[in-house]
Amino acid sequence: MELIGMSGYLLSACAYLIFILLLLAARNNTLTGRLVLLAAMLVFFSSLTAALQPKMDFSLLIVLAIKTIELMVWSVLILCTQVNISSLKQLLSQPKIKQYLQVWFVLSGTCWAITLLSPDSVKYLFSLFLLLNLWLLVLLEQLYRNAEVKVKWALWSLIIALGMSTVFDFVLFAQAAMVNQLDFSYWYARGFVTAVGMPLILVSTRRIKHWSVNVFVSREVVFYSSMLLISGLYLLLLAIAGYVINYFGGAWGDVISIAF
């Protein structure tokens, strides 16, 4: 199992290393181009550390720390496209992004502090990742639904790539928060899911010339909450299923867990 997991994360690291080299060769100096490059570098380091962790036996918290920053960068990138920001000065002064960064800093700092001070409180860290992934899913939905029809063809592969890995992590951390531990059957599969998404992100970066943010902005921005509803129903069903299993004195089995 460890060998398969390491192979998946190494595959993901190699895929994103190629992606990083392509981005550097493109020399895209726009804000969004730099954010994509930063996100790709974080995915690379996260995958590489996850691949080395079983053999070098360092804390898995290092991987999760990189992942925390990665989720923030992807979210800021999507927010930049929604409010049409093209410079770092505009990014730091935009109210919506400032509010998100403040909330992210407070939530992340609190959950990480609790976890580091009390290792038995790792469930707070799992809950943090649950919220951050849910927020990214909501942002992806807003981006795609509010994009103009003529540019959705350039967005769909990016939405699928990020959505696929985010949904996977949402399921992983939802279950981890419930049973207070990671299911390593899912954890070792994450590398393959991340690697599969890289070509799709590359397709979008090639289709969107100069990664111009203004092509994403729709004239009428409407808030959609489908992902909130779906995620809420999933968590409710997960809680009910866990309660029923515990009530009858059972435990989550691997087959039942994966099927759910």
Taking the condition closer than 15 Å to GLY191 by Cβ, touching a Ser or Thr at 6+ places or on another chain (Cβ under 6 Å) and either open to solvent by less than 70 Å² (accessible area, probe 1.4 Å) or assigned to a helix (DSSP H, G or I) (or both), does SER12 pass?
yes
Please tell me if LEU130 is within 22 Å of LEU35 (Cβ to Cβ), of a type outside the set (Gly, Ala, Ser) and surrounded by 19 or more Cβ atoms within 10 Å (Cβ to Cβ).
no
Any residue at all in segment 159-169 that is touching a helix residue (DSSP H, G or I) at 6+ places or on another chain (Cβ under 6 Å), of a type outside the set (Phe, Trp, Tyr), surrounded by fewer than 21 Cβ atoms within 10 Å (Cβ to Cβ) and over 17 Å from ALA39 (Cα atoms)?
no
So the check is Cβ under 6 Å with 6+ separation or different chains; which pairs have a first residue in segment 81-110 that's within 28 Å of LYS152 (Cα to Cα) and a second one that's among the polar types (S, T, N, Q) and open to solvent by less than 80 Å² (accessible area, probe 1.4 Å)?
VAL83/GLN94; ILE85/GLN94
What pairs come up if the first residue lies in segment 12-36 and is among the charged types (D, E, K, R), the second is open to solvent by less than 80 Å² (accessible area, probe 1.4 Å), and their beta carbons are under 8 Å apart, counting only those six or more places apart or on different chains?
ARG34/ASN28
Scanning segment 27-72 for residues that are outside any helix (DSSP H, G or I) and not aliphatic (A, V, I, L, M), the one most open to solvent (accessible area, probe 1.4 Å) turns out to be ARG27
Filter segment 84-100 down to residues that are part of a helix (DSSP H, G or I) and surrounded by 17 or more Cβ atoms within 10 Å (Cβ to Cβ), then give me how many there are.
3
Give the residue that is modelled with the lowest pLDDT, with candidates limited to residues of segment 225-260 that are of a type in the set (S, T, N, Q) and open to solvent by less than 50 Å² (accessible area, probe 1.4 Å).
SER257
Out of the residues in segment 21-54 that are among the β-branched types (Val, Ile, Thr) and under 25 Å from GLN82 (Cβ atoms), which is modelled with the lowest pLDDT?
THR30
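The values are calculated or read from the model by the stated rules, or taken from the named source; none is laboratory data. In this text, all values refer to a predicted model and were calculated from it rather than measured experimentally. Glycine also receives a Cβ, built like all others from the backbone with ideal geometry; neighbour counts cover every protein chain displayed. For the accessible areas, the whole protein counts, side chains as well, though only heavy atoms, and no ligand, DNA or RNA atoms are used. Shrake-Rupley method; radii C 1.70, N 1.55, O 1.52, S 1.80 Å.
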